[in-house]
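Asker: Got a structure here, written out as structure tokens. Questions coming.
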Amino acid sequence: MDKISQAISEIGIVPVIKLTDPERDAAPLGKALCAGGVPVAEVTFRAAGADKAIRLMKETCPELIAGAGTVTVTEQIDAAIEAGGQFIVTPGFDPELVEYAQNKGVPIYPGCTTPTDYHAALKFGLELIKFFPAEQSGGLGKIKAMSAPFPQFKVMPTGGISLKNLEEYISCPVIAACGGSYMVTAQLIEGQRWDEIAELCRQSREIIKAVRGNK
């Protein structure tokens, strides 16, 4: 596994972020994530300016691992990389995007939920894949079932993850990290409730540490 993927796996949780006002929120949000012990962010292109948010987060918190999510076109990969983005996440498996990111030398985690998706990921030599939407696609039971014929993969489930089921997911050895938006909801960001975000990150890390040991 590459260094970025390994670092994400060690953190164990990836905040999935939609920022509507990057200039106002990116810097303080980055600080809150780092303060909570979760120095990683998947900034989604569901809102314009994701590349700007990545740049501002990296300028404010160089130690933070920042990447782009909901990537659907190659132009977004270019924008993310130029802004300092260190990984790419796509909702589904798009061979063009996977090949493009690999040629650019940036890790990409495509959304995979079917045997066909897993087969495609295998052909591209991927080691870490996103399982999205996790709960709606069969959850942990399906992830475990898929790992039987495809033991090569570590998985990052995203969609329906919360503090309530984080322990169950992260206890599974197939899971490298979980993606979640519960600690970075629109309400928390709009209210600029940075201390609450940091606290939710801390709680998440405590759960992960309790399961994995103090690593």
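Asker: Tell me the mean residue ellipticity at 222 nm calculated for the chain from its helices only (DSSP H runs of n ≥ 4, each -39500 (n - 2.57), averaged over every residue, nearest 500).
Answerer: On the way: 10 runs with 100 residues, N = 215.
After summing the helix terms and dividing by the residues of the chain, the value is -13500 deg cm²/dmol.
Asker: To the nearest 10 Å², what's Thr114's accessible area with a 1.4 Å probe?
Answerer: 50
Asker: Ok, one more. Starting from a Cα-only point model with no solvent, please compute log10 I(q)/I(0) by Debye for the stretch 137-180 at q = 0.23 1/Å.
Answerer: So the normalised log intensities are -0.74.
Asker: Additional query: Looking at the P(r) of the stretch 131-215, how many percent of alpha-carbon pairs lie beyond 22 Å?
Answerer: Details: 1106 of 3570 pairs.
More than 22 Å apart: 31 percent of the Cα pairs in the stretch 131-215.
Asker: Under the rule a/c < 1.5 gives rounded, and otherwise a/b versus b/c splits prolate from oblate, where does the stretch 1-98 land using the Cα gyration tensor?
Answerer: oblate
Asker: Another one. Distance between the C-alpha centers of the stretch 106-134 and the stretch 1-24? Whole Å please.
Answerer: Spelled out, the Cα-based centre of one part sits 18 Å from the other.
Asker: What is the sum of charges around Leu166, taking Lys and Arg as +1, Asp and Glu as -1, for the other residues whose C-beta is under 15 Å from the C-beta of Leu166?
Answerer: On the way: positive: Lys164, Arg202, Arg205, Lys209, Arg212; negative: Glu135, Glu167, Glu168, Glu199, Glu206.
Charge balance in the 15 Å sphere: 0.
Asker: At a 1.4 Å probe, what is the % contribution of carbon and sulfur to the accessible area of the stretch 169-212? Don't jump to the answer; show the numbers that get you there.
Answerer: Details: 930 of 1910 Å².
Heavy-atom surface of the stretch 169-212 belonging to carbon and sulfur, 1.4 Å probe: 49 percent.
Asker: Nearest 5 is fine: what % of DSSP beta bridges in the chain come out antiparallel, could you say?
Answerer: Values: 0 of 21 bridges.
Within the chain, antiparallel bridges account for around 0 percent of the total.
Asker: Still on this structure: Assigning unit charges at the beta carbon (Lys, Arg +1; Asp, Glu -1) and nothing else, what dipole magnitude in debye, to the nearest 20, does the chain show about its Cα centre? Working shown, then result.
Answerer: Working: 21 positive and 25 negative charges, 114 e Å.
Its charge dipole is roughly 540 debye.
Asker: Would you give the gap between the C-alpha center of the stretch 189-215 and the C-alpha center of the stretch 29-82, rounded to a whole Å?
Answerer: If you average the Cα positions of each part, the centres end up 18 Å apart.
Asker: So what does log10 I(q)/I(0) come out to for the stretch 78-131 at q = 0.21, 0.23 Å⁻¹, using the Debye formula with one equal point on every Cα and no solvent?
Answerer: Once normalised to I(0) and log-transformed, intensities are -0.69, -0.81.
Asker: Moving on. With volume of the Cα convex hull per residue in Å³ in mind, check (1) 139; (2) 189; (3) 104 and report the label derived from this structure.
Answerer: Comparing each candidate, only (3) matches the computed number.
The values are calculated or read from the model by the stated rules, or taken from the named source; none is laboratory data. Note that the coordinates shown come from a computational prediction; the quantities given were computed from them, not determined experimentally. Every residue, glycine among them, receives a Cβ derived from its backbone with ideal geometry; neighbour counts consider all protein chains shown. The accessibility values were calculated without ligands, DNA or RNA, using every heavy atom of the protein model including side chains. Shrake-Rupley method; radii C 1.70, N 1.55, O 1.52, S 1.80 Å.
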